[in-house]
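Have a look at the structure below, then the notes.
The values are calculated or read from the model by the stated rules, or taken from the named source; none is laboratory data. Predicted model, so just to flag it, every value in this text is computed and none were measured. Remember, those area values only see protein heavy atoms, side chains included, never the ligands or the DNA or RNA. Shrake-Rupley method; radii C 1.70, N 1.55, O 1.52, S 1.80 Å.
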Amino acid sequence: MLMAHPVVLQNLIEQYETLRTLHAESGGTEVRQRMDDLAYTLCVSTGTRDVDAALIAARHQLPGARVEDDSALTAGAGTPGV
């Protein structure tokens with residue numbers, strides 16, 4: 001699999017998260033389309049099928065990524081009562 005350049009991934013992550021933070025998914029057609037385009041590009045760039053997985057995979061490909069970066073996904077996994 002080809003790997004996207006870390007600068008490109010960082011840019012995609014920042015754009016997607018900015019739009020998500022601004023709740024762009026409830027915005028106009030053009031803004032929603034931009035979010036969809038960014039999500040698609042992130043998925044293709046990381047070899048994933050889900051934007052959340054793509055964001056995690058992209059972060060792991062950035063310089064300085066740590067194993068702990070995906071702790072939110074494993075929090076409560078296998079923990080009784082969670």
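Using the heavy atoms of the protein chains alone and a 1.4 angstrom probe, what is the accessible area of the range 6-61 per residue in square angstrom? Please list the in-between numbers first.
Working: 3410 Å² over 56 residues.
Normalised by residue count, the accessible surface of the range 6-61 is 61 Å².
For the range 6-61, report the % of Cα-Cα distances exceeding 12 Å.
Values: 920 of 1540 pairs.
Percentage above 12 Å: 60.
What part of the accessible area of the range 6-61, given as a whole %, is carbon or sulfur when the probe is 1.4 angstrom?
Here carbon and sulfur together make up 54 percent of the probe-accessible area.
Can you work out the Karplus-derived ³J(HN,Hα) for every residue in the range 3-17? Use 6.51 cos²θ - 1.76 cosθ + 1.60 with θ = phi - 60°, whole Hz, and x for glycine or proline.
After applying 6.51 cos²θ - 1.76 cosθ + 1.60, I find 10, 6, 5, x, 5, 5, 4, 4, 5, 4, 4, 4, 4, 4, 5 Hz.
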